[in-house]
Amino acid sequence: MGGKQKENEAYGKSAKYDPSFRGPIKNRGCTDIICCVLFLLFILGYIGVGLVAWVYGDPRQVLYPRNSTGAYCGVGENKDKPYVFYFNILNCAVSANVISIAQNGLQCPTPQVCVSSCPETPWIVNEIQDYSSKTVDEVYKEYKNFCLPGVPPDMTVEESLQKELCPRFLLPSTPALGRCFPFPNVNFTLSGSPQIDNTSISEGISGLLDNINARDISVKIFEDFAQSWPWILLALGVALVLSLLFILLLRLVAAPLVLLLIVGVLAVLAYGIYHCWQQYRALRDKGASISELGFTTDLSAYQSVQETWLAALIILAVLEGILLLMLIFLRQRIRIAVALLKEASRAVGQMMSTMFYPLVTFVLLVICISYWALIALYLATSGQPQYAYRVPDSNASDCQNVPVNKSCDPMASTGNFSSCPGLTCAFQGYSSTGPAQRSIFNLQIYGVLGLFWTVNWVLALGQCVLAGAFASFYWAFHKPKDIPTFPLSSAFIRTLRYHTGSLAFGALILTLVQIARIILEYIDHKLRGSQNPVARCIICCFKCCLWCLEKFIKFLNRNAYIMIAIYGKNFCVSAKNAFKLLMRNVVRVVVLDKVTDMLLFFGKLLVVGGVGVLSFFFFSGRIKGLGKDFENPHLNYYWLPIMTSIMGAYVIASGFFSVFGMCVDTLFLCFLEDLERNDGSQERPYYMPMALMKILGKKNEVPAGGKKRKK
């Protein structure tokens, strides 16, 4: 007994009775003011970074294609011309890739013009005829919109082709990424044009479309979503109902469910022991020993020796024995965990608004992530476009006097170099000069830090608000009469008013660790090509340590926010008190944590698995006869809405169960404080539910002539 007392004193003394304490403290002051000021200043700087990015950036550079003059297609004077048409698409097919298209546009040494629609039928200037006297209006007719703007209608076709003011041929095309790309695998052989090789065009266009991504697949995916989105929403609604029902039913089935899960784990281990014994006995009779096999790098070969199955048999038997001993000696604590789960389900039932608070967190997270994404996009496009002279490789010998790769103005004429056919002023990239461009890396780093800090702060806000609401439930002596009218909104206002700095402090600590992990991941990615195993081992050790540190900080922050919500202390004091309180009850903490994790995992498995099975049978057409208004959608890839439904169900279940997990943790800390503060007397009655008092063998004294406390 003395040893246990010394062990408890090492983690601080038990909480003392406070006659004025009735749940979350109402008269409190602001905490961690310095960190609050730093956080607000950082947010102002974050807004300043956004203003700088907005002033210098131009997202149209990645959202809209450009023509040969540098004008955007689809906006301004080209509002009705959203697509770019290339005179000779083959010049683009060799070096095009998705990254260059997204960042710098499709760089191509051929004239480009904005068009309202892509060519639908093949057409070519028949060189067998004499076009020296034919004008552009006479030959092109309805195809004149594919010529560069400002071509004189009385200009001869021969002159327009020499100056590359009009295309020599048109190929049936379709828009992709705002650009006209010809159909692959069609016959491009056109009468009167021996210069066009059908095979080369087909191969070039096919390769170009492969780099940009298969258009047909994207269209089919879009069609599938258009056909199945009502049913996907229905599946998400089913996931929401199942999650809510599972949490509410825990009040009735928590004990049988925990018993079922424990028996299931024991049964799985028992079957594993039986299977290992059967394999070991069969191999022992055959005389298959590891001495005959020797050492080999083929790990699958060890399945055919008896020692492998004997080792597995021993390990599973030890695990089975440990689990049985834990059930015998920790059965009381398991009962406490089950009672707390029931009480958490009851608390959620009394305050149903808490189940939908994750929507608030989701909206705030969307705002944080969207703001960072916009800043990153504007900063990435903050430079001015740069242009340089380009000529086709086939005409390089005729263009020796042209300053190739030198800067040029796309709005100016290239008539000074008339001896160079095919000369274009092509887009090269964006300039890296200017106040914003010189500091773009630092601004991007500031944006990443802002993303992590604000996201972690939003998550901390949700945890602290929920903890305040559930703590008000536990410390209500007569439930539901003593529960505040609007516990969730009260906790939200109280947290924002007094504890913004404390939440920012905890979020900053977690942010620094997460950024350190990202830096280590980057270094590890760079070292993957090296042959230095020592450096790789050191990096892996650091990554493991930082991962453990991040998990510990998340655990400590979570419990610190609960203490902040209840007592209104600063972050450091709350974290210290929560840690000491948990360490004084470490066995109960481990048991409750594992039982809760097991139940929530089973709940997620039930919700996600149920929605997945229903989605599979419906979208694959295996459910028939639903009636005229419930026909199965005709899909190209039925697995796409199935995977979407499963991922959506997982997100919904995680949101609901995160609220339940926060409720369990809050009630558990309140329960531990209740045990230390009170003794069941009339002056110091317990606030815990009757089921918990019965398990612990405790009870409250009833005042003379008074009524018993209701469950």
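The values are calculated or read from the model by the stated rules, or taken from the named source; none is laboratory data. Values in this document were obtained by computation on a predicted structure and should not be read as measured data. Positions of Cβ are generated from backbone atoms using ideal geometry, with glycine treated the same way; all protein chains shown enter the neighbour counts. Ligands, DNA and RNA are stripped out before the accessible areas are found, and what is left, the full protein with its side chains, is counted by its heavy atoms. Shrake-Rupley method; radii C 1.70, N 1.55, O 1.52, S 1.80 Å.
Things to note:
- Each of TYR274, TYR280 has its accessible area taken with a 1.4 Å probe; listed largest first, they run TYR274, TYR280.
- LEU310 accessible area, assembled protein chains, probe 1.4 Å, Å²: 60
- The packing ranking of peptides 454-466, 158-170, highest mean first, is 454-466, 158-170, where packing means the average number of other beta carbon atoms within 10 angstrom of each residue.
- Sequence ranges 67-77, 259-269, 560-570, ranked by mean other-Cβ count within 10 angstrom, highest first: 560-570, 67-77, 259-269
- Using a probe of 1.4 Å, the accessible surface attributed to HIS525 totals some 110 Å² when neighbouring protein chains are kept in position.
- Amide H to amide H distances under 5 Å link THR174 with PHE181, PHE183, where only residues 5 or more positions off or on other chains count and H is placed in the peptide plane.
- About the Cα centre, charge dipole magnitude for the range 436-573 (Lys/Arg +1, Asp/Glu -1 at Cβ), debye: 60
- Entries of LYS342/LYS551; LYS26/LYS580; LYS342/LYS698; LYS551/LYS576; LYS551/LYS580; LYS141/LYS163 with Cα pairs more than 22 Å apart: LYS342/LYS551; LYS26/LYS580
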